[in-house]
Amino acid sequence: MKMPKGESYSRVKNIVGRNHLHTICSSGNCPNIGDCWSKGTATFMILGDICTRSCKFCGVKTGSPMAPDYTEPDRVAESVKLMQLKHCVLTSVDRDDMDDGGAEIWALTIKRIKLLNNGITIEALIPDFRGNKGSLQKILNAAPEIISHNLETVERLTPVIRSVAKYSTSLEVLKYMADSGARVKTGIMVGLGEKEEEIYQTMKSALQTGCKIFTIGQYLQPTLKHIPVAAYIPPEEFEKFKAVGLNMGFKIVESAPLVRSSYHAENHTQ
């Protein structure tokens, strides 16, 4: 990947910094930060930058987060306006310290963005909220155009790399959203030691929930403290994954080594 630079990159960086916001782009050490920010896009991470979980694949800080900031929805909405975005991706840390997992601030943020940015489309890349239907309904009521929740890996490896989340709970979240009429998206990383047939089974399980968009990318070890890469998957294998997924019935499959959840997200609303 090219080093981050350019006028658009600097503008996004300055807006994010000036409004004291967090992005998964920087907090998660995303390799696409230069590409996305230079195009004027960013994935905002709300509810702070400290996660209550400690998944072995994730570069986001873990610990005891600060109290929620109820001015954050307005600051995010204003930043979206300053960036002149047509599509906005939101995500968040897990907030297991909050009764609703932070769903109220999630809903407020989506509503404020839509209020201040006429014609904007939004993807909400949500945590599992421990499967709490009340929290999930708050997201649905705010009506983002896409609701995304990542399975992250195959069922066998879920307890190895995810600290709290369960594979079955994530499938239930996807199904609840899809059954409610939402456009639903999920994704996994490969290179963690999964078998090819496990990848296809995961895709089938996601499709059965009503999920229509699937992303597959190469796992990269954020630090030496995280789980090591088991294998680097060749690009032609990713092309095969995409072909299989489309043949299964997914409307969109993004599959390449550097694909991440929100990569080319602006193309997923159609």
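The values are calculated or read from the model by the stated rules, or taken from the named source; none is laboratory data. This structure is a prediction, so every number in the text was calculated from the model and none was measured. Cβ placement follows ideal geometry from the backbone for every residue including glycine, while neighbour counts extend to all protein chains displayed.
Just give me the residues in the range 117-129 being hydrophobic (A, V, I, L, M, F, W, C) and at pLDDT 95 or above, in sequence order. Explain how you work it out, then say what you get.
Keep residues of the range 117-129 that are hydrophobic (A, V, I, L, M, F, W, C), which gives 120, 122, 124-126, 129.
Across the range 117-129, the qualifying residues are ALA124, LEU125, ILE126, PHE129.
Quick check on my filter: what residues within the range 58-75 are outside any loop (DSSP other than H, G, I, E, B) and either among the polar types (S, T, N, Q) or farther than 26 Å from LEU151 by Cβ (or both)?
Taking the range 58-75 as the starting set, the residues that turn out to be outside any loop (DSSP other than H, G, I, E, B) are 61-62, 72-75.
Listed by number, the residues that qualify are THR62, GLU72, PRO73, ASP74, ARG75.
Mind checking which pairs have a first residue in the range 199-210 that is under 13 Å from ALA178 (Cβ atoms) and a second that is β-branched (Val, Ile, Thr) and modelled with pLDDT of 95 or more, Cβ under 7 Å, 6 or more apart or different chains?
If the second residue must be β-branched (Val, Ile, Thr) and modelled with pLDDT of 95 or more, the pairs left are ALA206/THR186; GLY210/VAL184.
Which residues, taken from the range 238-264, are without any contact (Cβ under 8 Å) to a residue 40 or more places away in the chain and more than 22 Å from the chain's Cα centre (by Cα)?
Scanning the range 238-264 gives LYS240, ALA243, ASN247.
Of all residues in the range 76-102, count the ones that are out of contact with any Phe, Trp or Tyr (no Cβ under 6 Å at 6 or more places or on another chain) and in a helix (DSSP H, G or I). Before you say what the answer is, go through the steps one by one.
Taking the range 76-102 as the starting set, the residues that turn out to be out of contact with any Phe, Trp or Tyr (no Cβ under 6 Å at 6 or more places or on another chain) are 77-89, 91-100, 102.
Narrowing further to those that are in a helix (DSSP H, G or I): 77-83.
Residues in the range 76-102 being out of contact with any Phe, Trp or Tyr (no Cβ under 6 Å at 6 or more places or on another chain) and in a helix (DSSP H, G or I): 7 in total.
How many of the residues in the range 76-101 are buried (at least 23 other Cβ atoms within 10 Å of the Cβ), without any contact (Cβ under 8 Å) to a residue 60 or more places away in the chain and out of contact with any helix residue (DSSP H, G or I) (no Cβ under 8 Å at 6 or more places or on another chain)?
Qualifying residue count, the range 76-101: 2.
In the range 54-75, what residues are surrounded by 13 or more Cβ atoms within 10 Å (Cβ to Cβ) and aromatic (Phe, Trp, Tyr)?
To start, the set of residues in the range 54-75 that are surrounded by 13 or more Cβ atoms within 10 Å (Cβ to Cβ) comprises 54-62, 65, 68-69, 72-75.
Across the range 54-75, the qualifying residue is only PHE57.
Quick check on the range 218-241. Is at least one of its residues modelled with pLDDT of 95 or more, of a type in the set (A, V, I, L, M), over 30 Å from THR62 (Cβ atoms) and surrounded by 15 or more Cβ atoms within 10 Å (Cβ to Cβ)?
Checked against the condition, which is being modelled with pLDDT of 95 or more, of a type in the set (A, V, I, L, M), over 30 Å from THR62 (Cβ atoms) and surrounded by 15 or more Cβ atoms within 10 Å (Cβ to Cβ), the range 218-241 yields no hits at all.
Among the residues of the range 190-213, are any over 23 Å from ALA124 (Cα atoms) and in contact with a Lys or Arg (Cβ under 8 Å, 6 or more places away or on another chain)?
Scanning the range 190-213, I find at least one residue that is over 23 Å from ALA124 (Cα atoms) and in contact with a Lys or Arg (Cβ under 8 Å, 6 or more places away or on another chain), so the answer is yes.
Which of the following residues is more than 23 Å from THR169 (Cβ to Cβ) and at pLDDT 95 or above: LYS86, LYS81, LYS111?
On the way: LYS86 fails: at pLDDT 95 or above; LYS81 fails: at pLDDT 95 or above.
Testing whether each residue is more than 23 Å from THR169 (Cβ to Cβ) and at pLDDT 95 or above leaves just LYS111.
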